[in-house]
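Reviewing the structure listed below.
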Amino acid sequence: MIDFLSAHAEIIITLIKIVLLLFIVLTVNAYLTWFERKVVAHMQSRWGPHRVGPHGLLQPLADGAKFLLKEDPTPAGVDKFVYFLAPLLALGLALTSIAVIPFGPDPIRVLGHQVYLYIANPSIGLLVLFAITALGVYGVALAGWSSNSKYPLLGSLRSSAQMISYELALTLSVVGVLLMANSFNLTEIINAQSHPAWGVGILGWNIFSGPFPQILGFFCFFIAAIAETNRVPFDLAEAESELVAGFHTEYSSFKFAMFFIAEYTSMITVSCLCSILFFGGWLSPFPQSWTFTYYLPSLLLIPSGLWVIWDGIRYETIWGRLILPGIGTVIALLGLALALPQLQFVNVFIQGPFWLLGKILVFLFVYVWMRGTLPRFRYDQLMAFGWKLLLPVSIANVVLTAFFVLLRSNP
Amino acid sequence: MTTVETPIGTAKTMVLNMGPQHPSTHGVLRIALELDGETVVKAVPDLGYLHTGIEKSCEDKTYSQAITLTDRMDYLNPLGNNLVYCLAVEKLLGLEVPKRAQYVRVMLVELQRISSHLVWLGTHAIDLGAMSVFLYCFREREEILKIFELFAGQRMMTSYFRIGGLALEPPAGWRAAIDKFLKMMPSRVDDYETLLTKNRIWMGRTQGIGYISTEDAVALSMTGPTLRASGLAYDNRKLFPYSSYEEFEFDVPTRTDSDCFGRYMVRVAEMRESLKIVRQAFDKIADQGPIRSEAPGIVPPAREKMKTEMEALIYHFKIFTEGFAPPPGEAFVAVESPRGELGCFVASDGSAKPLRVHFRSPSFINLQALPKLTEGQLISDVVACIGTIDIVLGEVDR
């Protein structure tokens, strides 16, 4: 048994990592819906979910249970195989794309094995990722086509056209980054950003540094990525005021949940990519010599833990008063533990993931913020915007970056 | 059932059934759309899903009882409906309403106009994807409904106006409530404009969409903000003043762009004008004075009189058992509702119940323009056009 395990250690570790990552991503997904509902609610002077659990913290669980238990009728006249395949495809592809994203620089040593914070690290990581997300259009197109209904058909037509046209701008907008990093590998793209001017971390990020700062590239990428993930203001496919629910009108129960999870997973992927490609991934924005910034996680965790305790003891329900201070204590103790000199190595290790997650959270917030603010584009305006503005700008960005990269290498 | 005929087999177009259960047909409007891709070739509105028979029911009520039915017609403008019906019956009776009651009527109707425009703005914005505006608008509408509750004890189906005046004396504390609202509201209107007016996406979605020329609008007898956005300053409050509107100073906002954006701008400007009118009425309303005209046999007597005078007691009994009988004849009154010219025709045969009550409802007539506005445009624009016509299905079908 031991022999078997050690002989196949690589595979077993990868399998465990996959299960762990799936668990984490799905949980994050669930709480992303909570986060979105809360943030949008507070922007709209509402409370958001607050009935299930303190501050509605158990709402995602309740929603999950509801999705599982709802009746799941299959409408008459659907193409059964394709109708079932579409949500599987959407969710499967969305989850697969997370596999190539590195979450931290250093490996953990477990029983003599190096465990890296990614599942796969292909040298063409970014290409693989784009290939997988590009396939995501099939989920939408097939769902709309197989439903045998007019609203989903219109929705999926819109969305297929949209995803295919924005794919171009999306891929072209990262070419600048690739030229500067000289690699398709996501880890190497981050490492290429770790040589900042004057040692100030933030100046090394692609958006501010290099032969040609990728500000244009970033905006093209982020806009195209929002369109690619079908979110406001590009959520035409599911524009509920026009097409009822777009391509997933005929889906209910868990099949609907699969589309839902796929959408939120691709939001996370896009936020990861934004931080990795343009904002230095796991790199800290501060000068490397500022070692005291290593205490930032503690500095963040302790006050927020204390705040949760303070909020918890004043909470209106008894469950809130019991649970919230407990959670707060755990958070605060975690922060304290990280500040201990004995646990210095843990603290150093989590710096990478800490910054990456922080950046991801900012982008997720921007997503939600846009949802609370912007009206929706019209189909033809969206296409015009993609082809007439985004595409030329991203091509210009490629040409300019290439020119400056060439200028630097052959002065 | 309205159907759109398409040749089967050779058809290049698709028929899409929009409504009656659809998120943005503002109720139970059904539109049969013939689509070429996403372009609308033909749009046929189909009505009658909310027919309530209000006009007919009025014929079986006494003149006073029918007031409560009018509330339910245009449910975003119940006080306006009360007003037009009361004015028509008062015209039939030749009744003069005390100034104090007239000012209160003007003030409440203008608040109602703001609340109706708020619902319109919110739903129109959410149709075009701007979700937050919807909730902001309803937050402010809530304040107006609280004021109505203070006055009438009801938030929506107020029935506060009676033939000859008002149902009740304005409640204690009404001045504070309205003053608070008047101070809050202007900055809130600015907030909506910040989110929408100069927003590029909003402009793209509304400018040039749903164009209708002044001639076409007049030919279709459109009224209200929809007509004023096409460049004609037609407003019953200015042209045919009623309920002392001639004593108030306000502008009639017009635009010449004749599209969805113009209609949006006109309605936002109207909210500001209404605030001006409410402020003026607020200052004009005296603290003391009659709220009902002196018309024994028609207007119920005051409580104290009933306890001291026998005639008053008899009148009270007669009004609430058999009602009152206006002289035979007919009367028509038109007011400016938030949606346009709301007219009321009342015919009397000399009995205590009206012979015929008919409402000229602006929603119904403005809705006729829908095919003209939408044909040749995209399916997304249909939603924008329905929104800016501002229909209330309860009033369309009556």
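Residue by residue along B:124-137, Cβ atoms of other protein chains within 10 Å of the local Cβ number 5 on average.
List every DSSP H helix in chain A whose Cα atoms extend 24 Å or more along the helix's own long axis and whose mean Kyte-Doolittle hydropathy is at least -1.0. The qualifying helices are A:9-43, A:80-97, A:125-146, A:150-181, A:253-278, A:296-313, A:318-339, A:344-373, A:391-409. If you sort B:Tyr234, A:Tyr251 by accessible surface, 1.4 Å probe, largest first, the order is B:Tyr234, A:Tyr251.
Both numbers refer to the Cα atoms of the range A:82-194; Rg and Dmax are 17.8, 58 Å. Between A:Phe403 and A:Trp307, 0.36 nm times their residue separation minus their Cα-Cα distance comes to what? Net length gain for the segment: 29.4 nm. Mind giving me the FRET efficiency for B:Glu309 and A:Met370? R0 is 51 Å, r the Cβ-Cβ distance, nearest 0.05 is fine. Efficiency computed from Cβ-Cβ geometry: 0.15.
Using the Cβ-Cβ distance between A:Thr291 and B:Glu249 with R0 set to 51 Å, the FRET efficiency from 1/(1 + (r/R0)^6) comes to roughly 0.15. Using C-alpha pairs under 8 Å with a sequence gap of at least 6, the mean separation divided by the residue count of the range B:54-397 gives a relative contact order of 26 percent. Protein-only accessible surface at a 1.4 angstrom probe places the residues B:Met73, A:Met370 in the order A:Met370, B:Met73, largest first. Springs between alpha-carbon atoms under 10 Å, Gaussian network over chain A: tell me which of A:Ala181, A:Ala30, A:Ala332 tops the mean-square fluctuations. Maximum fluctuation in the GNM of chain A, among the listed residues, is at A:Ala332.
Straight-line cross-link reach from B:Lys198 at under 23 Å between alpha-carbon atoms covers these lysines, not counting any fewer than eight positions away in the same chain: A:Lys388. Of all lysines in the structure, those lying under 18 Å Cα to Cα from B:Lys56, and not within fewer than 8 positions of it along the same chain, are B:Lys353. Shown is the FRET efficiency for B:Met203 and B:Met14, computed with R0 = 35 Å from the Cβ-Cβ distance and rounded to the nearest 0.05: 0.70.
Taking each residue as 0.36 nm, the span from A:Ala65 to A:Phe23 lengthens on full extension beyond its C-alpha to C-alpha distance by 13.5 nm. By the Kirkwood approach, averaging reciprocal distances over each pair of separate Cα atoms, the protein assembly as shown gets a hydrodynamic radius of 30.6 Å. Ordering of B:17-25, B:276-284, A:286-294 by packing is B:17-25, B:276-284, A:286-294, highest average first (other Cβ atoms within 10 Å, averaged per residue). B:Tyr242 sits with roughly 20 Å² accessible to a 1.4 Å probe, with DNA, RNA and ligands left out of the calculation.
For a modelled paramagnetic label at A:Ala339, 7 Å from Cα along Cα-to-Cβ, the residues of the range A:261-301 in reach, with backbone nitrogen under 12 Å, are A:295-301. The packing ranking of peptides A:69-78, A:333-342, highest mean first, is A:333-342, A:69-78, where packing means the average number of other beta carbon atoms within 10 angstrom of each residue. Peptide packing for B:37-47, A:202-212 was compared via the average number of neighbouring C-beta atoms within 10 Å per residue; ordered from the highest value, the list is A:202-212, B:37-47. Ligands, DNA and RNA left out, the accessible area of the range B:179-244 computed with a 1.4 Å probe is 57% carbon and sulfur. Shielding value for A:367-380 is 6, the average number of Cβ atoms from other chains within 10 Å of each residue's Cβ.
Structure remark: mean-square fluctuation, Gaussian network model of chain B, C-alpha springs under 10 Å; the largest value among B:Gly224, B:Gly94, B:Gly376 belongs to B:Gly94. Roughly what % of Cα-Cα distances in the range B:200-263 sit above 15 Å, to the whole percent? So the pairs more than 15 Å apart make up 54 percent of the total in the range B:200-263. Over chain B, all Cα pairs binned in 20 Å intervals from 0 give whole-percent P(r) values of 27, 54, 17, 2, 0, listed from short to long. With 20 Å bins beginning at zero, the pair-distance distribution over Cα atoms of chain A amounts to 23, 55, 21, 0 %.
When B:Ile389, A:Ile13 are compared by accessible area at a 1.4 angstrom probe, the order from most to least is A:Ile13, B:Ile389. Only helices enter this figure: runs of n ≥ 4 DSSP H residues, each worth -39500 (n - 2.57), summed and divided by the residues of chain A, yield -22000 deg cm²/dmol at 222 nm to the nearest 500. Per the accessible-area calculation with a 1.4 Å probe, the total area buried between chain A and chain B rounds to 2600 Å².
Taking every residue in B:198-205 and counting other chain Cβ atoms within 10 Å of its Cβ, the average works out to 4. Entry note, chain A: relative contact order of 20 percent, from Cα contacts under 8 Å with a spacing of 6+ residues.
The values are calculated or read from the model by the stated rules, or taken from the named source; none is laboratory data. Only a predicted model underlies this, so the values are computations on that prediction, with no experimental measurement involved. All Cβ positions, glycine included, derive from the backbone under ideal geometry; neighbour counts span all protein chains shown. Side chains included, ligands, DNA and RNA excluded: accessible areas come from the protein's heavy atoms. Shrake-Rupley method; radii C 1.70, N 1.55, O 1.52, S 1.80 Å.
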